[in-house]
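See below for the structure under consideration.
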Amino acid sequence: MRQYGIWWVTCLIWSSVWLFIKIGVTDLPPISFAGIRLLIALAVLIPILVIRRVRLPARSDWPLIAATGWLLLGINYACTYWGAQYVSSGLIAVLQAATPAFGLCFGHYLLRDEPFSFRKLAVLALGIAGVASFVRIACMSAVRPDWQVRRRSRAAARRSQWGMSS
């Protein structure tokens with residue numbers, strides 16, 4: 001049960017980040033805001049690594065780690081935060097949910113042991129569809145607060161008509 005609680009808290013924190021980015025870029029320059037976020041994450045993680053006595057990777061791996069970090073975090077966050085000035089936080093969430101699609105494509109073409117599979121594509125599509133459906137519900141509820149009530153009422157009416165005619 002504790003694992004489910006941790007999972008829900010993680011989901012809430014992770015899903016709210018897009019809204020906070022949207023709010024934050026109204027007051028801070030986007031690249032600075034992204035950099036501050038990464039510095040805060042670093043300030044939290046370094047003490048944890050020190051306390052747990054986690055060994056650093058081999059020095060020969062540092063260039064690869066730095067390049068990966070620059071691409072995955074630096075470039076990605078810079079573009080995300082810059083784009084947040086111009087699009088809704090819901091669209092940002094959907095676009096970020098598509099990030100695994102790029103990983104799947106890069107893995108397929110750059111790594112011999114990571115080919116496309118129906119299972120990988122199905123899980124990817126399911127994940128993106130899930131995020132998109134949540135964003136749609138949130139957007140529709142914000143635009144028309146009575147949207148859910150009307151939708152449920154119509155569905156109930158259809159069910160009752162079907163039940164009467166059979």
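Values for this structure:
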{"item": "Segment 61-91: chymotrypsin sites (Phe, Trp or Tyr not before Pro) falling in loop per DSSP and having at most 15 other Cβ within 10 Å", "result": "TYR86"}
{"item": "Scattering curve values for segment 2-126, log₁₀ I(q)/I(0), Debye with Cα scatterers, q = 0.17, 0.19 Å⁻¹", "result": "-1.22, -1.31"}
{"item": "For segment 59-117, projected area of the alpha-carbon convex hull averaged over all directions, nm²", "result": "5.3"}
{"item": "Sparsely packed trypsin sites (Lys or Arg not before Pro) within segment 15-122, loop by DSSP, other Cβ within 10 Å at most 10", "result": "ARG52, ARG53, ARG55, ARG112"}
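Any read-out appearing in this document is the output of simple, stated calculations on the displayed coordinates, not a laboratory observation. No experiment lies behind these values; they were computed from the predicted model shown. A quick note on method: Cβ atoms are made from the backbone with ideal geometry, for glycine too, and the neighbour counts reach across all protein chains shown.
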